[in-house]
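Here is the structure we will look at, set down as structure tokens.
The values are calculated or read from the model by the stated rules, or taken from the named source; none is laboratory data. Quantities reported herein were computed from a predicted structural model and do not represent experimental measurements. We place every Cβ from the backbone using ideal geometry, glycine too, and count neighbours over all the protein chains shown. Ligands, DNA and RNA are stripped out before the accessible areas are found, and what is left, the full protein with its side chains, is counted by its heavy atoms. Shrake-Rupley method; radii C 1.70, N 1.55, O 1.52, S 1.80 Å.
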Amino acid sequence: MFGRKSKNLFHPASPILRVLNLQASIDHYVKVLGFTVDWQDPGIIGSVTRDRCNIMLAESDQGNPGSWVWIGVGDVLPLFEEFRTKGAAVRLPPTNFPWAYEMQIQDPDGNVLRFGSDPMENHPFGEWLDMRGRRWVKSPDGGWTQVEHD
């Protein structure tokens, strides 16, 4: 896979997400999110892949709980329907932003997977949901303003 080559080419990054139970996490990534298992060292670390996206899952080591990962996809809407029907934890449904039409899916360990495709033209921008669950809206000046709660 990595082999020595005359030119040093970078491979896609593979995030390592910390999980509490490797087998339970692998089952979730396979059954709910449609990944396949590449390999695993039971109870320690494993690797899952879907298309060109590779994620490593490490049991109680490496990384921090609640990490976030961006995953670009061709079209987020059919993926949202697939995940929803399989019971994925949708943290933020598909929402239009200046950078992407994006959704947030949370895995059983609190890691957030941000799946996004090209922004939708002629559609308003939605509310952003940050790591603490606070909502933000695009300001007229181009920045972001936190939405006040009742």
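Which members of segment 96-109 meet the condition of being open to solvent by 20 Å² or more (accessible area, probe 1.4 Å) and closer than 22 Å to Gly72 by Cβ?
Pro98, Trp99, Tyr101, Gln106
Considering segment 17-43 alone, what residues qualify as being surrounded by fewer than 16 Cβ atoms within 10 Å (Cβ to Cβ) and assigned to a strand (DSSP E or B)?
Within segment 17-43, Thr36, Val37, Asp38, Trp39, Asp41 meet the criteria.
Restricting the search to segment 66-89, which residues are open to solvent by less than 50 Å² (accessible area, probe 1.4 Å) and among the β-branched types (Val, Ile, Thr)?
Those that are open to solvent by less than 50 Å² (accessible area, probe 1.4 Å) and among the β-branched types (Val, Ile, Thr): Val69, Ile71, Val73, Val76.
In the set Pro119, Pro93, which member is in contact with a strand residue (DSSP E or B) (Cβ under 9 Å, 6 or more places away or on another chain), over 24 Å from Leu17 (Cβ atoms) and either open to solvent by less than 20 Å² (accessible area, probe 1.4 Å) or not basic (Lys, Arg) (or both)?
Just a single option satisfies the conditions, and that option is Pro119.
Can you run down the residue pairs with Cβ atoms below 7 Å, 6 or more apart or on separate chains, where the first is in segment 109-135 and among the hydroxyl-bearing types (Ser, Thr, Tyr) and the partner is surrounded by fewer than 16 Cβ atoms within 10 Å (Cβ to Cβ) and at pLDDT 95 or above?
Cβ pairs passing all conditions: Ser117/Gly74; Ser117/Asp75.
Would you confirm, using the coordinates I've provided, whether Gly63 is small (Gly, Ala, Ser) and surrounded by fewer than 18 Cβ atoms within 10 Å (Cβ to Cβ)?
yes
Might you check whether a residue that is without any contact (Cβ under 8 Å) to a residue 60 or more places away in the chain, of a type in the set (Phe, Trp, Tyr) and touching a helix residue (DSSP H, G or I) at 6+ places or on another chain (Cβ under 9 Å) occurs anywhere in segment 36-48?
Taking every residue of segment 36-48 in turn, none turns out to be without any contact (Cβ under 8 Å) to a residue 60 or more places away in the chain, of a type in the set (Phe, Trp, Tyr) and touching a helix residue (DSSP H, G or I) at 6+ places or on another chain (Cβ under 9 Å).
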